[in-house]
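As structure tokens, the structure follows; a few thoughts come after it.
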Amino acid sequence: MRFRRLTGLLAFFYAVLHLAAYVVLDLQFDVGIFWRDLTHRTFIILGMAALTLLLPLALTSNRFSMKRLKRGWKRLHRLVYGAAILAGIHFFLSFKTLNGTSALYLSLLALVLLARAPMIWISFRRKGAGRL
Ligand code: HEM
């Protein structure tokens, strides 16, 4: 919990460098292939969606945004669960076949999400009760 901001920012910068490596090294700036991949290849679409969800989180990972957004900040940062699931599926689909590595990392992701499930459930219940 102490390092979650740092971990989140590292995840975001990993994804940005990963995208840059793909555009520069793999595609050599070919915008046509990039666009085709972005509109036709499911795992690229999911990767881009994950990165898009991480962007507002990276931009608001500072004390100023926390103060400005107040309770909305917490709600916004729940997008991290969506980003994690999308990135997990993206990673899984980037392999052409089922293998030990993807199965291991998907299981780890499932475990982390399961560990957070009670907290998420409690927070949703509390909000529901507040609205009544
Ligand atoms: C949160 C965002 C993302 C995460 C966590 C992520 C993670 C990963 C991981 C772990 C792999 C497998 C290992 C590797 O080849 O590096 C992978 C593969 C891949 N990703 Fe991503 N990715 C993300 C977003 C993107 C985006 C935005 C693109 C491009 C638009 C992309 C393109 C690719 C490609 C082309 C591969 C396959 C590489 C190969 O065939 O060797 N990813 N991704």
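Among the residues of segment 6-40, what is the count of those that are within 10 Å of the ligand (Cβ to nearest atom), surrounded by fewer than 12 Cβ atoms within 10 Å (Cβ to Cβ) and of a type in the set (Gly, Ala, Ser)?
2
For Phe43, indicate whether it is touching a Ser or Thr at 6+ places or on another chain (Cβ under 8 Å), in a helix (DSSP H, G or I) and either more than 26 Å from Met1 (Cα to Cα) or within 11 Å of the ligand (Cβ to nearest atom) (or both).
Yes.
Being out of contact with any Gly (no Cβ under 6 Å at 6 or more places or on another chain) and near the ligand (Cβ under 10 Å from one of its atoms) is the filter here, so list the residues in segment 81-90 that pass it. Give the derivation first.
Residues of segment 81-90 that are out of contact with any Gly (no Cβ under 6 Å at 6 or more places or on another chain), as a first pass: 81-89.
Passing the criteria: Ala83, Ala84, Leu86, Ala87, Gly88.
List every residue pair whose Cβ atoms lie under 8 Å apart, where the two residues are 6 or more positions apart in sequence or sit on different chains, the first residue falls within segment 84-98 and is more than 20 Å from Leu114 (Cβ to Cβ) and surrounded by fewer than 18 Cβ atoms within 10 Å (Cβ to Cβ), and the second residue, located anywhere, is modelled with pLDDT under 95 and not small (Gly, Ala, Ser).
Final answer for the pair search is Phe95/Thr101.
Tally up the residues in segment 46-60 that are more than 8 Å from the ligand (Cβ to nearest atom) and open to solvent by less than 30 Å² (accessible area, probe 1.4 Å), please.
Qualifying residue count, segment 46-60: 3.
State whether one or more residues within segment 65-76 are surrounded by 13 or more Cβ atoms within 10 Å (Cβ to Cβ) and among the basic types (Lys, Arg).
Scanning segment 65-76 turns up no residue that is surrounded by 13 or more Cβ atoms within 10 Å (Cβ to Cβ) and among the basic types (Lys, Arg).
Could you tell me how many of the residues in segment 47-77 are free of Cβ contacts under 8 Å to residues at least 24 places away in the same chain and not in a helix (DSSP H, G or I)?
Count: 4.
Within segment 112-127, can one find any residue that is surrounded by 16 or more Cβ atoms within 10 Å (Cβ to Cβ) and under 14 Å from the mean Cα position of the chain (by Cα)?
no
The values are calculated or read from the model by the stated rules, or taken from the named source; none is laboratory data. Everything numeric in this text was worked out from a predicted model, so none of it was measured. When we count neighbours, we look across all protein chains shown, and the Cβ atoms used for this are built from the backbone with ideal geometry, even at glycine. With ligands, DNA and RNA removed, areas are computed over all heavy atoms of the protein, side chains included. Shrake-Rupley method; radii C 1.70, N 1.55, O 1.52, S 1.80 Å.
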